[in-house]
1. So how do 8-20, 117-129 stack up, highest first, on mean other-Cβ count within 10 Å?
2. Let me have the 222 nm mean residue ellipticity of the chain computed from DSSP H runs of 4+ only, each contributing -39500 (n - 2.57), with the sum over all residues rounded to the nearest 500.
3. Scaled to the compact-protein estimate 2.2 N^0.38 Å, what is the alpha-carbon radius of gyration of the chain, rounded to two decimal places?
4. If the viscosity is 1.567 mPa s and the temperature 4 °C, what translational diffusion coefficient in µm²/s does Stokes-Einstein give for the range 214-288 when Rh comes from Kirkwood over Cα pairs?
5. How much net charge surrounds ASP258 when only the other residues with a Cβ under 12 Å from the Cβ of ASP258 are counted, with Lys and Arg +1 and Asp and Glu -1?
6. How many nm is it between the label spots at GLU153 and LYS4, if each spot is 7 Å from the Cα in line with the beta carbon?
7. Please give me the summed charge of the neighbours of VAL214: other residues whose Cβ is under 13 Å from its Cβ, Lys and Arg +1, Asp and Glu -1.
8. Which value results when the Cα radius of gyration for the range 248-337 is divided by 2.2 N^0.38 Å?
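Quick note: the coordinates plus some simple rules give every number you see, no bench work behind them. Keep in mind the model is a prediction, meaning the values are calculated, not measured. Here the Cβ positions follow ideal geometry from the backbone for every residue, glycine too, while neighbour counts run over all protein chains shown.
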Amino acid sequence: MTSKVIDLRSDTVTRPTDAMWEAMRSAPLGDDVLGDEPTVQELEARIASTLGKEAALFTPSGTMANQLAIRSVCEGGDEIIAHHDNHIIHYETGGPAALSGCMVLGLDGPSGMFEADQVAGAVRAVDDHHTRSRMVAVENSHNRGGGAAWRLEDFEAIADVAERHGMHVHVDGARLFNACVAAGYSPAGFARRADTVNVCFSKGLGAPVGSALVGSRALIARARRFRKMFGGGMRQAGVLAAAAIHALDHHVDRLATDHANARRLAEGIDAVDGLRAEVPPHGWRTNIVFFHVDPAIGGAADLAARMTDAGVAVYDFDPTRIRAVTHLDVDADDIDRALGIIAEVVATSRS
Ligand SMILES: *Cc1c(COP(=O)(O)O)cnc(C)c1O
């Protein structure tokens, strides 16, 4: 019996592998604010090219990358069209309003997805009375949507509408690589119709810290200035960029393993009486599993707390649902062990 906690709270909890530490230790360093950080520059060139864009900016967080996109594109009073469950609305402390003076219009739809017609219906007519519809923001994969990945054609139909109205298309791709591996498109293939994309190295890719914003050279130059304004200029950040480069080299294809483990977890959860895993759209399971808790067992918060005490750390997502996330630091044996613990906790909850 090992007592290691199986931490399924988030894919942010991974620790650097020995090889990643070695890459960090041996990275050439400079001062990125002074403009001579070779490893940051290497990462920025690499991620821009991976996403088929002119330029990239390394940021301390995905939140900052999203907010820099908004600040670089929008004026005060502008409106952003997004799904109401998007990260920029739920988890960025009102950043669009506070940092850029923007309104966000939240659209409805299953699993964090919406349709081109909804965007067309939401765009404001150009009129002195109206806010200016300036940006459409899509999240891929969708966190609060249970890790759902967008179909390329659905996203491109939205980009068509945005283009017709002169609107900027931003993709919050904190887990874009997960979506690509599950759905079978390439990062550049998905990003083709996006003006800006945020990707996180600190989620499924397993780096300790860091994200990037990619886009046109002019827009990234503007974002670089706002990054300094927001206090996000990092000096010898090559230590972190090296981890991200290592992750791009070694941790992208292996995301398929996280997805297989998530599927294994979802199937095991379905076999537990009183629990039911949500099925992602198009059958594309990424690394997030949401499951429903039968009220006869208790509330999700209570069950999540008991699972965590028993050695499977998870968060309750709402009163009846729990979220579990697979990642680099859990393997199939851990999933099987987690399932045993979950079944035991549920069995004792009923008695
Ligand atoms: C995690 C996440 C972010 C950024 O989070 P940070 O903690 O700021 O790096 C942005 N969007 C989505 C969808 C996320 O899951």
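1. Numbers: 8-20: 18.0, 117-129: 12.6.
In decreasing order of mean packing, 8-20, 117-129 become 8-20, 117-129.
2. On the way: 14 runs with 148 residues, N = 351.
Result for the chain: -12500 deg cm²/dmol, rounded to the nearest 500.
3. Details: Rg = 20.6 Å, N = 351, 2.2 N^0.38 = 20.4 Å.
Working it through for the chain, the quotient is 1.01.
4. On the way: Rh = 16.3 Å.
Reported coefficient: 80 µm²/s.
5. Working: positive: ARG175, LYS203, ARG254, ARG263, ARG264, ARG285; negative: ASP11, ASP253, ASP329, ASP331, ASP334.
Taking every Cβ under 12 Å from that of ASP258, the sum is +1.
6. Computed distance between label sites GLU153 and LYS4 equals 4.4 nm.
7. Values: positive: ARG46, LYS53, ARG192, ARG217, ARG224; negative: GLU44, GLU54, ASP172, ASP195.
Local charge sum for VAL214: +1.
8. Details: Rg = 13.4 Å, N = 90, 2.2 N^0.38 = 12.2 Å.
Scaled against compact globular proteins, the figure is 1.10.
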